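First comes the structure, then the notes that go with it.
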Amino acid sequence: EMAASVCRVGSTVGRALAKTHRPILLSLRRGQASVSYAQSLLGAPETRLTTLDNGLRVASEETGHATCTVGLWISAGSRYESEKNNGAGFFLEHMAFKGTKKHPQTALEQQVESMGAHLSAYTSREHTAYYMKTLTKDLPKAVELLSEVVQSCSLNELVGLAKSHFSGVSFEYEGDAVPVLSPCRFTGSEVRMRDDAFPLAHIAIAVEGASAASPDIVPLMVANAIIGSYDLTYGGGKHLSSRLARLAVEDNLCHSFQAFHSSYSDTGLLGIYFVADKNNIDDMMHWSQNAWMNLCTTVTESDVARGRNALKASLVGQLNGTTPICDDIGRHILNYGRRIPIAEWDARIDAVTPKMVRDICYKYIYDKCPAVAAVGPVEQLPDYNRMRSAMYWLRF
């Protein structure tokens, strides 16, 4: 079991801007930004990785600001559960807030509140995280509380529930070994849950994507950035940069859409999710798949340049506080064994070419069986065989 304890404080860009007397005016002067994009990448603080004697990896970044986030990231999630103990990870996550042997629930809450801190946790398919955002001066106390929450949570209130629902779960692994994930296999399929009482249809179409450590992941991220996203609240209308977004505006195809790529240790899920009126489902599905086919066959240099810039802005924009950065560090340590610097991501993105996007998208998308999920008034959703036939073009 791998774990990463992470501490991140502040931002280099913010510190550099704070040193200027008039940062807003300076940033508005043409060609005279106080900190350029390239400078901010090179000036990002280094992530230091230390391994303790017990195997626990400690990743830390120091920037000297007044707030910090510290947490424990564990390489375990719902994928490690079986039919017998399904939901155990989520159950354990919430038990952590019921108090510890040293601090009952009320005392734990008072401790966190008195520090002005925020204690939270989440469980995903492959990761579990417990983390706290607090003042830097309270970092030692935050680590102490996290240690108690993870190792000594109180079960008094939940013993009865545990006996009722988990008494049949084995507490021992054969040979004292952590369960090994069974190989996953993507299968083209569909799930339709028609309910005409819903005001809008929610639909997703996806193919198997790349794993977190695959070299193909960056071209796929650029491809998704080319497709982009859209919401009715967006300005720009028919002048939006994304071709699919322009079509959505001009033809009133949907209320929103988003290209997504969920990556895991051994596989991924690459797709498009959209919310549409019941009478526009067929058209929106057609143009979504058409956007995929364009990526596989006719994507241009201008498309890729726009996608690269959008992806860079997205990556930097997501790291807008100590908590998202802390989460980024934790997931990187678990996925890659190190924190990949933003400058390295930037270089990888710059290396993506139109041919690379076409080749990688052809590999993952072209003539592949998709998985389709639809909920709501989905009568107009095309037959699966028709959607499957739209995953390739007959070209002569």
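Can you figure out the FRET efficiency of residue 181 with residue 290, using R₀ = 30 Å and their beta-carbon distance, to the nearest 0.05?
0.25
Averaged per residue, what accessible surface does segment 47-163 expose to a 1.4 Å probe, in Å²?
Result: 56 Å² per residue.
Need the C-alpha centroid separation for segment 77-113 versus segment 185-253, integer Å.
Going from one Cα centre to the other spans 35 Å.
Cβ neighbours within 10 Å, averaged per peptide: list 222-230, 378-386, 245-253 in order, most packed at the top.
222-230, 245-253, 378-386
Project the alpha carbons of segment 280-396 onto their principal axes and report the range along each, largest first, in whole Å.
Largest first, segment 280-396 extends 45, 38, 25 Å along its Cα principal axes.
Net charge around residue 237, counting only other residues with Cβ within less than 9 Å of its Cβ (Lys, Arg = +1; Asp, Glu = -1)?
Taking every other residue near residue 237 into account, the sum is +1.
Starting from the 7 Å offset along Cα-to-Cβ, what nm value, one decimal, do you get for the label separation of residue 343 and residue 314?
Modelled inter-label distance: 2.5 nm.
For segment 47-163, just say rounded, prolate or oblate: build the C-alpha gyration tensor, square-root its eigenvalues into a ≥ b ≥ c, call rounded for a/c under 1.5, and beyond that prolate if a/b exceeds b/c, oblate if not.
oblate
What is the percent carbon and sulfur in the accessible area of segment 47-163, measuring with a 1.4 Å probe over the protein chains and ignoring ligands?
Roughly 53 percent of what the probe reaches on segment 47-163 is carbon or sulfur.
Exceeding 29 Å between C-alpha atoms, which entries from my cross-link table qualify? They are 98/312; 84/141; 278/363; 137/312; 238/278; 98/137.
Too far apart for the 29 Å limit: 98/312; 84/141; 278/363; 137/312.
Label points 7 Å out from Cα along the Cβ direction at residue 65 and residue 336: separation in nm?
Going from the residue 65 label point to the residue 336 one covers 2.1 nm.
With labels modelled as points extended 7 Å from the Cα through the Cβ direction, what inter-label distance (nm, one decimal) is found for residue 190 paired with residue 37?
Distance between label points: 4.1 nm.
Tell me the volume per residue, in Å³, of the convex hull enclosing the alpha carbons of segment 190-390.
128
The values are calculated or read from the model by the stated rules, or taken from the named source; none is laboratory data. Computed from a prediction, not measured in an experiment: that's the story for all the values here. In this analysis, Cβ positions are derived from the backbone assuming ideal geometry, glycine residues included, and neighbour counts consider all displayed protein chains. The area values use the complete protein model at the heavy-atom level, side chains included, leaving out ligands, DNA and RNA. Shrake-Rupley method; radii C 1.70, N 1.55, O 1.52, S 1.80 Å.
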